[in-house]
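Read-outs throughout are calculated quantities, based only on the coordinates presented, and are distinct from any laboratory measurement. Just so it is clear, the model here is predicted, and its values are computed rather than measured. Positions of Cβ are backbone-derived with ideal geometry, glycine not excepted, and every protein chain shown enters the neighbour counts.
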Amino acid sequence: MTRYAMVIDLNTCVGCNACMAACAMENQTPVWKNKWRTYVHDKEIGVTDQVRRRFFPRLCNHCSNPPCLTVCPTGATSQRADGIVLVDPNLCMGCRACAMACPYDARYEVTYADIDAGREFYGEEELQRQSPSMDKCSFCAHRLDKGMKPACVETCVGSARMFGDLDEPNDPVTQLVASGIAQPLMPYLGTRPNVYYIDDTKRKG
Amino acid sequence: MDTMSYTTQDLWTWWIALYLFFGGLGAATLSISFLSDMYCRPHRNLVLWGALSGVVMLGISSAVLFGHLLHHVAVINVLNPLVLFRQPHAWIAWGTQFILWMMVWGIVYALPYMRETPSCVKLPVVGRLLEGPFVSWIVRCCQKRRRAIGWLATINGIGTAVYTGLLIQSFPAVALWHNPGVPLLFTVSAFSTAFAYLVVLMNVFIPDPNDTDIRHRFERFGLILIATELVILFSFFNYTLSGSESGYRSAQLLWHDKGWLFGFIGLGLVVPFFIDLKSVIRGWGTRLPTVSAAVLVLMGGYLLRHYFMYSGVYARPW
């Protein structure tokens, strides 16, 4: 079995936003209204001379117990055997319950107006989306099926994003997760996320 | 400086509060009208007014939700009853079916009374439908199985009222919503507002001196439910004060908001409680205080859902 997971190292993310751009082009997200499948938060943390910038990439956590799936009334949200949580835009009626249920703010609206804007932005011929829905990251499932990595991982200049299979013991991602260095976000919510973070806030030296 | 961020949401706002308010109110109104008709005494006017206004409220509730969907055609996927086998864990799927079948059984239960009401029979299209062979057959079936249909409607009504709370409870990131008190609070509020609505109905629109016993019973039930709601709200206050940052921030928003404190708790619950208490213990010389209290309870019912939706806080580590 395969169980996909991502590890993001906050120590090496430089905040170049190349992942956002690569994802937007790959998945045709409505960037004109600042909505992305992955987003890098830029925040100042610390006080006095210890203030520093922290770049925090965020995306769908492809939870093993996804609350967005359990609240979806039409079955538009589904989970593959490899753990990837997908949205079928044809089934989605856009009630937004998934966005309310997601603790990771991974969902955003794609409206009829966005599809019209998308035709202009991405091109009439190239636009893949036909109907509105609540969209989110798919771990680039279409690329994985062709043996490629997700677009954000492929393009990451700081190698902050690592992608792997948790059922493969020799995979570096598995080892980082198993060692406890990489931790999930808000594990107490019981969502069992499959995106892990290597913290940058530990005191150094 | 803080590594966490705390935000409310702007996706489910006043319109979902309306959906929850009219859904709960309409369903509870139908259930109470039918239970009263089945077990107190047969009451044509109460059933007709209760059923028709209940169905209109459920219609408004559904229309508000439908109007805000992103992809209207895809709603067909949730109207099919088989959705309950495909998505048994999704409360919107259950709620849609409860509301749909509540409306169906509500109209079927009211049909025999509609046929014997001259003002209904005289209506242009409705009159012809009521005299038609199909409706006549339904009326005969309904007369034979009156209680069964009444209970089908009631079960769907209670299901709808409970659903409005379960829906909000299913969002795990927000402490104010994701706790066992929410379905209880919303169910009690749905029935409390429905009793208030029926008190207005029986005092203003269908006043009958012979209905004094039913009116008093509704006032008593309303009073008990307002008291229960106050107890549940106090436990919410206690719960949100500590335990999670999300809950604490929701408490800060709610308990510092004048609309919540004076509008909902003061005017929507405490004032009607004392007016109804006097009504039950000593009575009033006129109907005005009781009707005013009921109107305040109805206003409070909406405010509860409005502030609840706007005060859910997501705590995020970025």
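Measure out, as a whole number of angstrom, how far apart the alpha-carbon centroids of the range B:58-116 and the range A:14-58 sit.
41
What FRET efficiency, computed as 1/(1 + (r/R0)^6) with R0 = 45 Å and r the Cβ-Cβ distance, is obtained for B:H256 and B:N210, rounded to the nearest 0.05?
Efficiency at R0 = 45 Å is approximately 0.40.
Relative contact order for the range B:5-316: what is it in percent, counting Cα pairs under 8 Å that are at least 6 residues apart?
Over the range B:5-316, the number comes to 25 percent.
I want to check the label-to-label distance for A:R52 and B:R44. Put each point 7 Å from Cα in the C-beta direction and report it in nm to one decimal.
8.2
Return B:W101, B:W260 ranked ascending by Cβ neighbour count within 10 Å, so the fewest neighbours appear first.
Ranked by crowding around the Cβ, least crowded first: B:W101, B:W260.
If you put +1 on each Lys and Arg Cβ and -1 on each Asp and Glu Cβ, how big is the dipole of the range A:142-205 around its Cα centre, in Debye rounded to 20?
With only Lys, Arg, Asp and Glu charged at Cβ, the dipole is about 300 debye.
If neighbour count is taken as other Cβ atoms inside 10 Å, put A:D82, A:D9 in order from fewest to most.
By the 10 Å Cβ count, ascending: A:D82, A:D9.
If the limit is 32 Å between Cα atoms, which of B:K122/B:K278; A:K136/B:K258; A:K43/A:K149; A:K43/A:K146; A:K35/B:K258; B:K122/B:K144 go over it?
Over 32 Å apart, Cα to Cα: B:K122/B:K278; A:K136/B:K258; A:K43/A:K146; A:K35/B:K258.
How tilted is helix A:18-27 with respect to the longest principal axis of chain A? Cα atoms for both, answer in degrees (0 to 90, nearest 10).
Rounded to the nearest ten degrees, it is 20.
Round to the nearest 0.05 the FRET efficiency obtained for A:S179 and A:T12 when R0 = 25 Å and r is the Cβ-Cβ distance.
Efficiency at R0 = 25 Å is approximately 0.90.
For B:F134 and B:W14, FRET efficiency with R0 = 30 Å and r from the beta-carbon atoms, rounded to 0.05?
Once rounded, the FRET efficiency stands at 0.15.
Figure the gain on full extension for B:L123 and B:C141 (residue separation times 0.36 nm, minus the Cα-Cα span) and round it to one decimal in nm.
4.2 nm
Taking every residue in B:305-318, how many Cβ atoms of other protein chains lie within 10 Å of its Cβ, on average?
Counting Cβ atoms of other protein chains within 10 Å of each residue's Cβ and averaging gives 3.
Output the 0 to 90 degree angle, nearest 10, between the alpha-carbon long axis of helix B:14-39 and the longest principal axis computed from the alpha carbons of chain B.
The answer is roughly 40 degrees.
Which of A:A160, A:A117, A:A21 ends up with the largest GNM mean-square fluctuation for chain A, with Cα atoms connected below 10 Å?
A:A117
Tell me the net charge near B:F264. Cut-off is 13 Å between Cβ atoms, B:F264 excluded, with +1 for each Lys or Arg and -1 for each Asp or Glu.
That sum, taken over residues with Cβ under 13 Å, equals 0.
Treating the angle as unsigned and between 0 and 90°, give the value, to the nearest 10°, between the Cα long axis of helix A:112-122 and the longest Cα principal axis of chain A.
70
Determine, for A:M25, A:M1, B:M38, A:M20, the number of other Cβ atoms within 10 Å of each Cβ, and report the residues in order from fewest to most.
Starting with the residue having the fewest Cβ neighbours, the order is A:M1, A:M25, B:M38, A:M20.
By how many nm would the segment from A:E168 to A:T201 lengthen if fully extended, with 0.36 nm per residue of separation less the alpha-carbon distance?
9.0 nm
I'd like the distance between the alpha-carbon centres of the range A:82-97 and the range B:10-29, rounded to an integer number of Å.
Going from one Cα centre to the other spans 24 Å.
Rounded to the nearest 500 deg cm²/dmol, what is the calculated helix-only ellipticity per residue at 222 nm for the protein assembly as shown, with -39500 (n - 2.57) per DSSP H run of length n ≥ 4?
-16500 deg cm²/dmol
Once you have the Cα-Cα distance between B:R287 and B:I155, take 0.36 nm times their residue separation minus that, and quote the gain in nm to one decimal.
44.3 nm
Choose one answer from B:Y163, B:Y39, B:Y19: the residue with the largest mean-square fluctuation in a GNM of chain B with alpha-carbon springs under 10 Å.
B:Y39
Across peptide B:171-177, what mean number of C-beta atoms from other chains lies inside 10 Å of a residue's C-beta?
5
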